[in-house]
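Visitor: The structure under discussion is supplied below as structure tokens; questions concerning it will follow.
The values are calculated or read from the model by the stated rules, or taken from the named source; none is laboratory data. Values in this document were obtained by computation on a predicted structure and should not be read as measured data. No Cβ is skipped: glycine too gets one built from the backbone with ideal geometry, and neighbour counts run over all protein chains shown. SASA here: full protein model, heavy atoms, side chains in, ligands and nucleic acids out. Shrake-Rupley method; radii C 1.70, N 1.55, O 1.52, S 1.80 Å.
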Amino acid sequence: IPLAYRPTRAQIAAVSFLSVLALTAALIFSASYANLRLSARDVGGAIMPPGMIMTYDTPGQSMRDMAAVDPRTVSYTAPADARGDQMLEPRVENGVKVFDLDVSVIKWNILPYEQVMAYAFNRQVPGPRIRVTEGDRVRINVTNNLPEETSVHWHGLILPNVMDGPAEITQAPIEPGETYTYEFTTQQAGTFFYHTHREPDRQQALGMYGALIIDPKDAAGQPAYDLEYTIQLQEWLEKEGYTYPAMLMEGALPNFFTINGKAYPATDTIQMKVGQKVLLRFIGSNNNFVHPMHVHGGPFTIVGTDGNPVPQAAQIAKDTVNVGPGERYDVIWTAREPGRWLLHCHIPHHTTNDNVEEQGAGGLTVIINVTP
């Protein structure tokens with residue numbers, strides 16, 4: 001550089017001072033809005049829901065729980081028309097009914113055009129239905145093919161504490177690649193369900209649940225009905241190709257809702273004839289909302305709550321029942337008139353698909369088609 005254009009020592013010192021001052025100001029500004037103590041390892045490459053407010057003190061574990069499912073962990077893509085809640089037949093070993101469950105990350109269609117990434121038992125959402133009889137000895141082998149720890153809770157059952165399922169409380173978590181065996185004798189009859197009990201705000205919200213139906217050993221005195229249908233509720237958050245665990249938090253509210261893993265109009269249609277009675281088993285397998293489930297065409301009778309029979313003298317007629325997370329209601333509805341009768345949540349937003357109605361409804365809606 002020609003001597004006339006060479007910077008002086010004073011100029012170099014001034015630029016250096018201003019550069020250090022700018023870097024210090026930028027660091028202070030960043031530290032005021034972000035926790036710079038969190039490393040990439042702490043957050044695990046988390047992709048957070050669009051619009052979620054992240055405070056300065058949000059811990060890395062919290063961010064990982066609320067983050068999108070990593071597409072690289074998906075091991076299976078279910079056919080678009082696959083159905084969940086399929087009956088799981090046991091094998092019998094020395095009088096014990098043995099069931100095998102595995103959990104993995106899959107792609108699952110809640111609508112023909114809408115796919116989510118889910119944590120699924122046996123590659124289906126909800127997980128397979130387990131149906132046994134009161135007094136049966138059951139053994140359930142759970143294999144964890146998730147990229148994280150898990151465990152399974154048998155919701156509402158009387159059983160030995162060591163079989164109850166809460167990770168780090170009654171058992172060590174099931175590590176990825178490991179199998180854990182639950183074994184107990186059923187002592188009740190009614191509508192129950194199973195779900196994860198390791199980070200359930202994430203894992204259950206992403207699909208880790210299934211129906212557990214226990215038939216009474218003695219059917220005498222049971223209410224009469226012609227057919228039955230189980231209704232498992234769920235809320236989903238899918239944005240821009242990523243699936244997040246839906247939560248009651250700013251930026252994490254659900255935009256899709258499903259019954260038995262499908263949103264209307266992809267939900268089932270219940271076929272009935274005038275005069276028939278259907279037993280509807282409502283299961284609050286969802287995490288967040290109380291869903292007021294309403295049936296058109298006349299009232300139903302509540303005959304069971306949380307797996308417990310309601311004495312006939314205490315049974316009441318309603319047309320709407322609030323199903324909260326973890327709750328179960330058994331109701332009997334009579335087909336009085338022919339037509340297409342709705343069964344749906346009475347929160348209008350929950351009967352849309354990403355805020356849009358399709359064929360007159362969406363989300364938590366099922367048609368009961370009654371013929372003469």
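Visitor: Could you state the principal axis extents of the C-alpha atoms in the range 320-372, from the largest down, to the nearest angstrom?
Guide: 36, 30, 12
Visitor: Another question, if that's okay. Could you name the aspartates and glutamates in cross-link range of LYS318, using Cα to Cα under 19 Å and dropping any fewer than eight places away on the same chain?
Guide: Hits, sequence-local ones excluded: GLU228, ASP306, GLU327, ASP330, GLU337.
Visitor: Which one of ASN287, LEU101, VAL274 is farthest out on the positive end of the charge dipole of the chain, using unit charges on Cβ (Lys, Arg +1; Asp, Glu -1) and the Cα centre as origin?
Guide: Of the candidates, ASN287 comes out farthest on the positive side.
Visitor: By its C-alpha gyration tensor, with a ≥ b ≥ c as the square roots of the eigenvalues, how is the range 253-369 shaped: rounded for a/c under 1.5, else prolate for a/b larger than b/c, else oblate?
Guide: oblate
Visitor: Now a separate question. From zero outward in steps of 5 Å, how is the percent of C-alpha pairs of the range 94-221 spread across the bins?
Guide: Distribution as computed: 2, 11, 20, 24, 18, 12, 7, 4, 2, 0 percent.
Visitor: Taking only protein heavy atoms and a 1.4 Å probe, what accessible area per residue, in Å², does the chain have with all protein chains in place?
Guide: Each residue of the chain exposes 47 Å² on average to a 1.4 Å probe.
Visitor: LYS107: which aspartates and glutamates have alpha carbons under 17 Å from its alpha carbon, excluding same-chain residues fewer than 8 sequence positions away?
Guide: ASP70, ASP81, ASP85, GLU235, GLU238, GLU240
Visitor: Using a 10 Å cut-off on Cβ atoms, rank the peptides 317-328, 7-18, 103-114 from the highest mean neighbour count down.
Guide: Ranked by mean Cβ neighbours within 10 Å, highest first: 103-114, 317-328, 7-18.
Visitor: I'd like the antiparallel share, as a percent to the nearest 5, of DSSP beta bridges with both residues in the chain.
Guide: Close to 75 percent.
Visitor: Can I ask one more? Would you list which lysines come within 24 Å of LYS217, measuring only between C-alpha atoms, while excluding same-chain residues fewer than 8 positions from it?
Guide: The reachable lysines, counting only those whose Cα sits under 24 Å from LYS217, are LYS97, LYS277.
Visitor: What label, among (1) 26.6, 91; (2) 23.4, 76; (3) 26.0, 108, belongs to Rg and Dmax of the Cα atoms in Å computed from the structure on display?
Guide: It is the value labelled (3).
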